[in-house]
Amino acid sequence: MREMPTSAPKRRRMSRGGRWTRGLLLGLALGFAACQTPGLPGAPAPSVLAQILERGELRVGVSGDLPPLNMKGDDGDFRGFEIDVVRALAESMGLEVRFVEKKFAQLLPTLERGEVDLVVSGLTITPERNARVAFAGPYFISGTSMLARSREIAEARSPAELDHPERRYAALEGSTSEGYVRDRLPNATLVTTVDYESAVQLMIDGEVDALVADHLACTVSMWRNPDAGFAPVGTPFTVEPLGIALPARAPLLLNLVQNYLNTLETTGLLSRFKAKWLADGAWMSERP
């Protein structure tokens, strides 16, 4: 009997399939090896921390207009609570520090583009921000508050008493205070500004009824304008932790900065920095 004619084609199909499978596995293996072998085009890039150490410089994004957290003098030098913390961090790493000044609303985009290594500028740790960048901290707990032109507003017992169409409130663009006004005071008019000085000037000129801002910023604005008759709200509306923002994919840098903040807390240095800058307005004498 003759053999059935179907057997040979079947073997050829299996042979082609085997060669194809072996080729696929070999290609995957070579590709994996290329991704793992240093020096090859597909080798992993150095970590963000390794790049910083190689560069010898820590690039820090700040707004430069949030005293006493951070402020810039006429000499171009930066000073403040956050500045002391960052300078100590850079010194412990054996690095030079370069401050990159940006408007508050541009700080996180600057970090995301890789133009700075971290950001310190009164940034509240929020879920929305933490979905974009990582945070170390908190190094200070603050909250959204209000500085008003009249005691009637400052002594309101609830946000509902402040939510009227005739009210106008100023808030820093891109801040959690802006979000607070939009969410809790929707019937009032919101006026956003690029810095706190502009917002305070609007209050002095009678253009807005109050400044909605970080509690510390409200306190400082009152210290700096003692004759303006501003009335502060006694208790902040919210509780907000401030943190250092870092790139989303930099776990080694995040680990280092968090451990560093923990060390500052344990040794008491963080408390000393807070006493120097946040306890009262004594630092006003050295403000340019």
| Cβ-Cβ under 6 Å pairs, at least 6 apart or on other chains, segment 223-241 side in contact (Cβ under 8 Å) with a residue 24 or more places away in the chain, far side part of a loop (DSSP other than H, G, I, E, B) and surrounded by 15 or more Cβ atoms within 10 Å (Cβ to Cβ) | Trp223/Gly281; Pro236/Gly143; Thr238/Gly143; Val239/Gly143; Glu240/Gly143; Pro241/Ile125
| task | Please give the number of the condition Ser145 fails out of (1) without any contact (Cβ under 8 Å) to a residue 24 or more places away in the chain; (2) in contact with a helix residue (DSSP H, G or I) (Cβ under 6 Å, 6 or more places away or on another chain). | result | (1)
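For Val194, indicate whether it is assigned by TED's automatic domain parsing to the domain that holds Pro127, under 27 Å from Val60 (Cα atoms) and hydrophobic (A, V, I, L, M, F, W, C). Steps first, answer last, please.
On the way: assigned by TED's automatic domain parsing to the domain that holds Pro127: no; under 27 Å from Val60 (Cα atoms): yes; hydrophobic (A, V, I, L, M, F, W, C): yes.
It is false that Val194 is assigned by TED's automatic domain parsing to the domain that holds Pro127, under 27 Å from Val60 (Cα atoms) and hydrophobic (A, V, I, L, M, F, W, C).
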| What residue, among those in segment 153-173 that are part of a loop (DSSP other than H, G, I, E, B) and modelled with pLDDT of 90 or more, is surrounded by the most Cβ atoms within 10 Å (Cβ to Cβ)? | Arg167
| request: Would you confirm whether any residue within segment 278-286 is surrounded by 14 or more Cβ atoms within 10 Å (Cβ to Cβ), in contact with a Leu (Cβ under 9 Å, 6 or more places away or on another chain), modelled with pLDDT of 95 or more and outside the structural domain of Arg157 (by TED's automatic domain parsing)? | output: no
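Based on this model, can you work out whether Tyr260 counts as surrounded by 15 or more Cβ atoms within 10 Å (Cβ to Cβ) and not assigned by TED's automatic domain parsing to the domain that holds Ser158? First the steps, then the outcome.
Values: surrounded by 15 or more Cβ atoms within 10 Å (Cβ to Cβ): yes; not assigned by TED's automatic domain parsing to the domain that holds Ser158: yes.
The answer is yes for Tyr260.
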| field | Test set (1) under 30 Å from Glu161 (Cβ atoms); (2) without any contact (Cβ under 8 Å) to a residue 12 or more places away in the chain; (3) not basic (Lys, Arg) - Thr176 fails condition number | value | (2)
| Do we find a residue being under 19 Å from Ala171 (Cβ atoms), in contact with a Leu (Cβ under 7 Å, 6 or more places away or on another chain) and in the same structural domain as Val62 (by TED's automatic domain parsing) anywhere in segment 93-106? | yes
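Just checking, does segment 178-193 include any residue being in a helix (DSSP H, G or I), among the β-branched types (Val, Ile, Thr) and surrounded by fewer than 22 Cβ atoms within 10 Å (Cβ to Cβ)? Steps first, please.
Of segment 178-193, the ones in a helix (DSSP H, G or I) are 178-184.
Narrowing the set further to residues that are among the β-branched types (Val, Ile, Thr) leaves 181.
If we keep only those that are surrounded by fewer than 22 Cβ atoms within 10 Å (Cβ to Cβ) too, we end up with none.
Looking through segment 178-193, none of the residues is in a helix (DSSP H, G or I), among the β-branched types (Val, Ile, Thr) and surrounded by fewer than 22 Cβ atoms within 10 Å (Cβ to Cβ).
Okay, residues lined up against (1) modelled with pLDDT of 95 or more; (2) farther than 20 Å from Leu269 by Cα; (3) hydrophobic (A, V, I, L, M, F, W, C):
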residue: Met71; (1), (2), (3): no, yes, yes
residue: Gly76; (1), (2), (3): no, yes, no
residue: Val85; (1), (2), (3): yes, no, yes
residue: Gly94; (1), (2), (3): no, no, no
residue: Asp117; (1), (2), (3): yes, yes, no
residue: Arg132; (1), (2), (3): yes, yes, no
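Residues that are aliphatic (A, V, I, L, M), at least 3 per element: which helices (runs of 4 or more DSSP H) completely within segment 47-151 meet that? Spell out the reasoning first.
Numbers: elements: 48-55, 81-93, 107-112, 127-130.
In segment 47-151, the matching helices (runs of 4 or more DSSP H) lie at 48-55, 81-93, 107-112.
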| Any hit, segment 243-260, residues being touching a Pro at 6+ places or on another chain (Cβ under 6 Å) and outside any helix (DSSP H, G or I) | yes
| Is segment 89-103 home to any residue that is crowded, with 19+ Cβ neighbours inside 10 Å, under 29 Å from Gly234 (Cα atoms) and not acidic (Asp, Glu)? | no
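The values are calculated or read from the model by the stated rules, or taken from the named source; none is laboratory data. Model, not experiment: these values are computed from the prediction. Reconstructed Cβ throughout: ideal geometry from the backbone, glycine too, with neighbour counts over all protein chains shown.
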